[in-house]
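What follows is a set of notes on a single structure, which appears directly below.
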Amino acid sequence: MIFKFGEQLLPVEMEEWEADQVPAVFITDSKHADEVLGKAGIIYENEIQVSKIGFCKLENQQECIVGTLCIPKLLDVLGSRYRMYFFVNRSNVVIVDDDNFSLRLIHRIQRKRTHQGETKERFLYNYIAEFMSRDLEMLAAYEKRLLRMEEDVTQQKISDFQTKLMPIRRELLNLRSYYDEIMDLSRDLEENENGFFLKKHLKYFGILTDRADRLMSRTSHLLEYAQQVKDAYQAQVDARQNSNMQFLTVISTIFFPLTLITGWFGMNFKDMPGLENGYPMIVVLSIVVIIGCLIIFKKKHII
């Protein structure tokens, strides 16, 4: 699929487009990438392997700019990603995408934006901004989940807490790395090392850099908040353990003198006082010891 640059992105059939026409953006898959790159006047000598893309990065070559995008899916951040190449020369943009994700993005741009792609700078801005357009909502959803988990901790509802928190932290770590990559890619575009972009349009890439920076800062804030929630959970766990240890300590303290008494009078020496009728006395002594321990614990606010 080909779209002419202009106020509106207008589709053109591959057979109808000629190299001397208005510059355009080409959407293709890896099978037809070499053919489309040749038609767009872009020379790329390396092998195109969309499935092996693992990072968002930019490479400046002599005849073109080569970028790779590895975009997390909003509903499955830790799962498979959208992967694609994009190539830019002085006239055209070529996007190699095997999942039709780019085509869906362009259709969204056509529906939502008045200025869709007067220039390749404006198109790249719209394109990259569009796949980040819902990320603030996604991060807000993470914040709500963490708020609910914090409320559960304060109400001592901490069952399955770790199993709920760990995936959130892993997803946020993945997103933070992703936004860092997008920020570096936008900065590289803004540097305009090959001079393919007009200086007056480089502001678009600066806007992308600022947006990625804000998203990364928000993600870092959520990671810090997740750590605070984890600390609150750990404090609750420690409080429960201390309460259990305190209870066991009280029980041990009460039974230790009782064990000493029963052990002493259980030796049955011949001349031991109270050997004949000592049972009532031992019962009374034990009750006195228990009451005495309880009084001491009460005064020290242990119970």
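Here the stretch 1-54 is the region considered, the condition is being assigned to a loop (DSSP other than H, G, I, E, B), modelled with pLDDT of 85 or more and of a type in the set (Val, Ile, Thr), and the residue that is surrounded by the fewest Cβ atoms within 10 Å (Cβ to Cβ) is Ile43. Here is a list of conditions, (1) over 24 Å from Lys199 (Cα atoms); (2) touching a residue at least 24 places away in the same chain (Cβ under 8 Å); (3) open to solvent by 50 Å² or more (accessible area, probe 1.4 Å), and Glu137 meets all of them except one; can you say which number that is? The one condition Glu137 does not meet is (2).
Ala212 passes every criterion in (1) assigned to a helix (DSSP H, G or I); (2) open to solvent by 10 Å² or more (accessible area, probe 1.4 Å); (3) touching a helix residue (DSSP H, G or I) at 6+ places or on another chain (Cβ under 8 Å); (4) of a type in the set (A, V, I, L, M, F, W, C) apart from (2). For the stretch 100-108, does any single residue satisfy the condition of being farther than 15 Å from Ile182 by Cα, polar (S, T, N, Q), free of Cβ contacts under 8 Å to residues at least 24 places away in the same chain and open to solvent by 10 Å² or more (accessible area, probe 1.4 Å)? Yes, the stretch 100-108 contains a residue that is farther than 15 Å from Ile182 by Cα, polar (S, T, N, Q), free of Cβ contacts under 8 Å to residues at least 24 places away in the same chain and open to solvent by 10 Å² or more (accessible area, probe 1.4 Å).
Among residues belonging to the stretch 231-246 that are aliphatic (A, V, I, L, M) and free of Cβ contacts under 8 Å to residues at least 40 places away in the same chain, point out the one that is most open to solvent (accessible area, probe 1.4 Å). In this case the residue turns out to be Met245. Each residue in the stretch 116-125 was checked for being under 17 Å from Tyr179 (Cα atoms) and open to solvent by less than 10 Å² (accessible area, probe 1.4 Å), and 1 pass. Looking across the stretch 122-153 at every residue that is touching a helix residue (DSSP H, G or I) at 6+ places or on another chain (Cβ under 9 Å) and not in a helix (DSSP H, G or I), the one that is farthest from Pro167 (Cα to Cα) is identified as Ser133. Residue count for the stretch 96-121, restricted to those that are under 17 Å from Pro11 (Cα atoms) and assigned to a helix (DSSP H, G or I): 13. Please specify each residue of the stretch 146-184 satisfying the condition of being free of Cβ contacts under 8 Å to residues at least 40 places away in the same chain, crowded, with 16+ Cβ neighbours inside 10 Å and either touching a strand residue (DSSP E or B) at 6+ places or on another chain (Cβ under 8 Å) or closer than 30 Å to Thr209 by Cα (or both). Once the filter is applied, which keeps residues that are free of Cβ contacts under 8 Å to residues at least 40 places away in the same chain, crowded, with 16+ Cβ neighbours inside 10 Å and either touching a strand residue (DSSP E or B) at 6+ places or on another chain (Cβ under 8 Å) or closer than 30 Å to Thr209 by Cα (or both), the stretch 146-184 yields Asp180, Met183.
What number of residues within the stretch 55-84 are touching a residue at least 40 places away in the same chain (Cβ under 8 Å), out of contact with any Leu (no Cβ under 8 Å at 6 or more places or on another chain), within 20 Å of Ser133 (Cα to Cα) and open to solvent by 10 Å² or more (accessible area, probe 1.4 Å)? Qualifying residue count for the region: 3.
Taking the stretch 23-50 as the range and being under 27 Å from Arg122 (Cβ atoms) and free of Cβ contacts under 8 Å to residues at least 40 places away in the same chain as the test, the residues that pass are His32, Glu35, Gly38, Lys39, Ile43.
The values are calculated or read from the model by the stated rules, or taken from the named source; none is laboratory data. This is a predicted model, so every value here is computed, not measured. Cβ atoms come from the backbone with ideal geometry, glycine included; neighbour counts cover every protein chain shown. We work out accessible area using only protein heavy atoms, side chains counted, and drop any ligands, DNA or RNA first. Shrake-Rupley method; radii C 1.70, N 1.55, O 1.52, S 1.80 Å.
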